[in-house]
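Colleague: Okay, handing you the structure first.
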Amino acid sequence: MQTRISPLAHVDPRAQIAANVEIGPFCVIGPDVTIGEGTVLESHCVLNGRVEIGSQNRIGPQCYLGSDTQGPVSSQTQATTRLGDRNVLFPRVTICGRTTIGDGNQFFDNTTIGRAPQDAGYKGGPTGVLVGNDNVFRENVTIHRGAEKEDGWTRVGHRNYLMENSHVAHNCWVHDNIMMANNVALAGHVHVHDRAIIGGNAAVHQFASVGTLAFVAGIARVTVDAPPYMMFTGMEDVTIATINLIGLRRSGVSESTIKLLRKAHRLLFREFKKLAAIRESFSTELDGIIPLELATLLNSIEYQQKGSSGRGREQIRGTPAFHYTPTEELRHAA
């Protein structure tokens with residue numbers, strides 16, 4: 001099939017359009033746009049500024065990709081917006097600024113990726129968003145680019161499912177195989193680790209972490225780190241209720257390790273034993289061979305205790321802002 005461009009579309013002659021591309025009516029394609037083979041733009045799409053789109057993408061009506069031009073402070077008019085292969089964008093999706101998207105993602109209606117952070121200290125620096133592969137972003141999800149702190153990036157990994165109205169703030173890192181239910185709000189600098197589940201309407205405080213395979217109950221207010229493998233509940237009174245037994249079994253964790261995690265939960269969150277004593281007890285019991293899951297839990301508690309206000313990542317709050325070196329941009333240009 002040859003490339004088909006509607007006579008009602010405006011495509012700048014300098015744009016690079018591959019074979020088998022379909023561009024529908026009332027689309028506007030700028031001069032610095034590259035569109036890969038087999039991509040379909042249905043109608044009323046705007047690709048403005050430096051945009052690179054891979055192959056076999058389907059972009060629904062009224063989508064916008066390219067420069068973030070909200071104002072002189074938040075603009076990223078020279079940034080490159082990159083979209084990989086086989087992504088699906090439903091109507092009215094916005095992906096803008098220095099944003100790189102992987103392959104096989106689904107962006108439902110009104111999702112917005114890459115707009116300026118909601119951070120009063122942001123001065124328009126060259127920060128960005130990195131998104132991996134095979135994620136699902138349901139309606140009205142928002143992911144803001146990094147502020148000029150840490151390394152300047154907001155990250156979302158692979159195979160995550162973010163339900164309607166979820167928000168990922170600046171400098172967050174959402175790892176892999178995570179589920180965030182409706183209306184979950186992550187404040188800035190939050191880390192969510194692999195296979196965690198966060199229930200609807202939960203809110204996570206800035207610099208807090210949600211551990212691997214943690215389960216955060218709906219409407220929970222997560223003001224301290226949610227430990228890995230545990231069930232985290234509560235709005236005013238935080239409770240580490242028990243281990244995430246279903247999640248652990250579904251992930252193939254052995255029953256012997258689950259038994260050790262139960263014991264660790266009792267020692268840590270019911271008897272409130274000192275961490276050093278717990279480590280020594282397990283080391284003696286297990287002849288120094290600690291299962292990975294148990295070591296991850298104990299290490300996360302140690303890291304949390306090194307921070308403040310129950311959040312281990314508070315240790316980096318006062319570190320200097322990043323110094324941007326455009327290595328990726330220069331390598332791409334080369």
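Colleague: With point charges of +1 on the Cβ of Lys and Arg and -1 on the Cβ of Asp and Glu, referenced to the Cα centre of the chain, which listed residue (Gln106, Gln206, Asn133) lies farthest in the positive direction of the dipole?
Modeller: Of the listed residues, the answer is Gln206.
Colleague: Residue-wise, which Karplus ³J(HN,Hα) couplings in Hz belong to the stretch 124-139, taking 6.51 cos²θ - 1.76 cosθ + 1.60, θ = phi - 60°, and x for glycine or proline?
Modeller: Per residue, the Karplus-derived 3J(HN,Hα) values read x, x, x, 8, x, 10, 10, 10, x, 10, 6, 8, 10, 10, 7, 4 Hz.
Colleague: Compare the Cα positions of Val40, Met235, Ala196 along the charge dipole of the chain (+1 at Cβ of Lys, Arg; -1 at Cβ of Asp, Glu; about the Cα centre) and return the one farthest towards the positive end.
Modeller: So the residue furthest toward the plus end is Met235.
Colleague: Are any of the pairs Lys263/Lys306; Lys149/Lys306; Lys149/Lys259 more than 32 Å apart by Cα-Cα distance, and if so, which?
Modeller: Lys149/Lys259
Colleague: With +1 on each Lys and Arg Cβ and -1 on each Asp and Glu Cβ, how big is the dipole of the stretch 217-281 about its Cα centre, in debye rounded to the nearest 20?
Modeller: The dipole magnitude comes to about 280 debye.
Colleague: Okay, moving on. Tell me what the chain gives for mean residue ellipticity at 222 nm when only DSSP H runs of n ≥ 4 count, each as -39,500 (n - 2.57), the sum divided by the residue total, rounded to 500 deg cm²/dmol. List each step's numbers first, then the result.
Modeller: Values: 5 runs with 54 residues, N = 334.
Using -39500 (n - 2.57) per qualifying helix, the result is -5000 deg cm²/dmol.
Colleague: Scanning the chain for helices, which whole DSSP H stretches are 27 Å or more long along the axis (Cα) and average -0.5 or more by Kyte-Doolittle?
Modeller: none
Colleague: Residue by residue through the stretch 20-29, which ³J(HN,Hα) values in whole Hz follow from phi under the Karplus form 6.51 cos²θ - 1.76 cosθ + 1.60 (θ = phi - 60°), with glycine and proline marked x?
Modeller: 6, 8, 10, 10, x, x, 6, 7, 10, 10
Colleague: Take the stretch 4-174, compute every pairwise Cα distance, and split them into 5 Å bins from 0; I just need the percent in each bin.
Modeller: That works out to 2, 10, 18, 24, 20, 14, 8, 3, 1, 0, in percent per bin.
Colleague: Could you state the orientation-averaged shadow area of the convex hull built on the Cα atoms of the chain, in nm² to one decimal?
Modeller: 18.8
Colleague: Under 5 Å between amide hydrogens, which residues at least 5 positions from Trp173 or on another chain qualify, with H placed 1.01 Å from N in the peptide plane?
Modeller: Correct list: Arg155, Val190, His191, Val192.
Colleague: I want the antiparallel fraction of DSSP beta bridges within the chain, as a percent rounded to 5.
Modeller: The antiparallel proportion sits near 5 percent.
Colleague: Next question. Size of the dipole of the stretch 4-174 about the Cα centre, Lys and Arg at +1 and Asp and Glu at -1 on the beta carbon, nothing else charged, in debye to 20?
Modeller: That gives a dipole near 140 debye.
Colleague: Give the distance, in whole Å, between the Cα centre of the stretch 95-114 and the Cα centre of the stretch 179-246.
Modeller: The two parts, judged by their Cα centres, are 24 Å apart.
Colleague: Report the charge-dipole magnitude of the chain in Debye, nearest 20, computed about the Cα centre from +1 at each Lys and Arg Cβ and -1 at each Asp and Glu Cβ.
Modeller: The dipole magnitude comes to about 580 debye.
Colleague: Now for a different question. Determine, at each q value in 0.19, 0.28, 0.30, 0.34 (inverse angstroms), the log₁₀ of I(q)/I(0) that the Debye formula gives when each Cα of the stretch 206-245 is one equal point scatterer.
Modeller: -0.43, -0.93, -1.05, -1.26
Colleague: Arranged from highest to lowest average of other beta-carbon atoms within 10 Å per residue, in what order do the peptides 207-214, 268-275, 239-246 appear?
Modeller: On the way: 207-214: 25.4, 268-275: 12.4, 239-246: 17.4.
Averaged packing, sorted descending, gives the order 207-214, 239-246, 268-275.
Colleague: Further question: Quick one: P(r) of the stretch 106-204 from all Cα-Cα pairs, 5 Å bins, percents rounded to integers, in order of increasing distance.
Modeller: Answer for the stretch 106-204: a P(r) of 4, 15, 26, 29, 17, 8, 2 percent.
Colleague: Rg over Rh of the stretch 1-105, using C-alpha atoms and the Kirkwood radius, what does it come to?
Modeller: Value, to two decimals: 0.94.
Colleague: Sort 96-108, 40-52 for me by packing, meaning the mean count of neighbouring Cβ atoms within 10 Å per residue, highest on top.
Modeller: 96-108, 40-52
Bear in mind these aren't lab numbers, they're just calculated from the coordinates by the rules spelled out. Predicted model, so just to flag it, every value in this text is computed and none were measured. With ideal geometry, Cβ positions are generated from the backbone for all residues, glycine too; neighbour counts draw on all protein chains shown.
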